[in-house]
Amino acid sequence: KAGVTQTPRYLIKTRGQQVTLSCSPISGHRSVSWYQQTPGQGLQFLFEYFSETQRNKGNFPGRFSGRQFSNSRSEMNVSTLELGDSALYLCASSRGGGQNEAFFGQGTRLTVV
Amino acid sequence: QQQVKQSPQSLIVQKGGISIINCAYENTAFDYFPWYQQFPGKGPALLIAIRPDVSEKKEGRFTISFNKSAKQFSLHIMDSQPGDSATYFCAAETSGSRLTFGEGTQLTVNP
């Protein structure tokens, strides 16, 4: 079965711009989580959506937002980009409900210049 | 309280040797402990996971040992191979699907 698909794979944006990243979860998975990975901070949880509702949120500023559609696909938006937002953004899908295997996509590499 | 501490930061092992990576946590609400393997340019891939009611789980060459009283768990890779060279992350989960990751261990297996 198809894995988690993230698009685009690479993005270069200018400070102050906004960006939207997309994630298509594994078929049948209703939970989508987003993580930011940087060399300095490691893997940090952004937020999680389950059945179109945000269930959990990490400690990121309001510039980071997301949503989930009825087909479980999810988008993440970052507004007013800063240089420090440069990172690998990873999406993980699972059945939800806790103690379920989470499968990651290959990520979107965002570079802010 | 939400942190997961992972060590060592880097590890070099000879082919055929045993690789051991350790993690410790504080939050007793964590109830699911997966390990992920990540190759450069790829997303993390789930290796093996354990629940706190089990002290050990083995899948092929990979074994998780879990010590609930000490709030520690570790990954053992037996007969390490050059293809195992990657970054390994331990993680812990509370309710829902929120994973808290360790800092990562860069494993190098020399031929």
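Note on the range A:88-113: among residues that are crowded, with 23+ Cβ neighbours inside 10 Å and either without any contact (Cβ under 8 Å) to a residue 24 or more places away in the chain or aliphatic (A, V, I, L, M) (or both), the one that is nearest to residue A:16 (Cα to Cα) is A:90.
Against the test of being open to solvent by 60 Å² or more (accessible area, probe 1.4 Å) and within 11 Å of chain A (Cβ to nearest Cβ), the options B:51, B:61 yield a single qualifying residue, B:51.
Out of A:44, A:99, A:17, one residue alone is more than 14 Å from every other protein chain (Cβ to nearest Cβ) and of a type outside the set (A, V, I, L, M). It is A:17.
Residues in the range B:1-58 that are of a type in the set (Asp, Glu) and either touching a helix residue (DSSP H, G or I) at 6+ places or on another chain (Cβ under 7 Å) or under 23 Å from residue A:94 (Cα atoms) (or both): 2 in all. Taken as a whole, the structure places residue A:32 among residues that are at pLDDT 95 or above, surrounded by 21 or more Cβ atoms within 10 Å (Cβ to Cβ), within 19 Å of residue B:36 (Cα to Cα) and touching an Asp or Glu at 6+ places or on another chain (Cβ under 9 Å).
Kindly provide the set of residues from the range B:9-36 that are surrounded by fewer than 20 Cβ atoms within 10 Å (Cβ to Cβ) and in a strand (DSSP E or B), ordered by number. Within the range B:9-36, B:10, B:11, B:12, B:13, B:14, B:20, B:22, B:24 meet the criteria.
On the stretch given as the range A:1-12, residues that are within 11 Å of chain B (Cβ to nearest Cβ), modelled with pLDDT of 95 or more, open to solvent by less than 80 Å² (accessible area, probe 1.4 Å) and not in a strand (DSSP E or B) total 1. Here residue A:15 clears all of (1) open to solvent by less than 70 Å² (accessible area, probe 1.4 Å); (2) touching a residue at least 24 places away in the same chain (Cβ under 8 Å) except the condition numbered (1). In the condition set (1) on the phi > 0 side of the Ramachandran plot; (2) in a strand (DSSP E or B), residue A:88 is compliant with all but (1).
Of all residues in the range B:98-109, those that are more than 7 Å from chain A (Cβ to nearest Cβ) have Cβ atoms under 6 Å from Cβ atoms of residues that are small (Gly, Ala, Ser) and open to solvent by 50 Å² or more (accessible area, probe 1.4 Å), 6 or more apart or on another chain, in B:106/B:10. Would the range B:103-111 turn up any residue that is of a type outside the set (Phe, Trp, Tyr), loosely packed, with under 14 Cβ neighbours inside 10 Å and either modelled with pLDDT under 95 or over 21 Å from residue B:9 (Cα atoms) (or both)? Within the range B:103-111 (the criterion being of a type outside the set (Phe, Trp, Tyr), loosely packed, with under 14 Cβ neighbours inside 10 Å and either modelled with pLDDT under 95 or over 21 Å from residue B:9 (Cα atoms) (or both)), the answer is yes, since at least one residue qualifies. Taking the range A:13-58 as the range and being within 23 Å of residue A:82 (Cβ to Cβ) and not in a strand (DSSP E or B) as the test, the residues that pass are A:14, A:15, A:16, A:17, A:18, A:39, A:40, A:41, A:58.
The values are calculated or read from the model by the stated rules, or taken from the named source; none is laboratory data. In this text the structure is predicted, and so the values were computed from the model without any measurement. Using ideal geometry, Cβ is built from the backbone for each residue, glycine included, and neighbour counts are taken over all protein chains shown. Heavy atoms of the whole protein, side chains included, go into the accessibility calculation; ligands, DNA and RNA do not. Shrake-Rupley method; radii C 1.70, N 1.55, O 1.52, S 1.80 Å.
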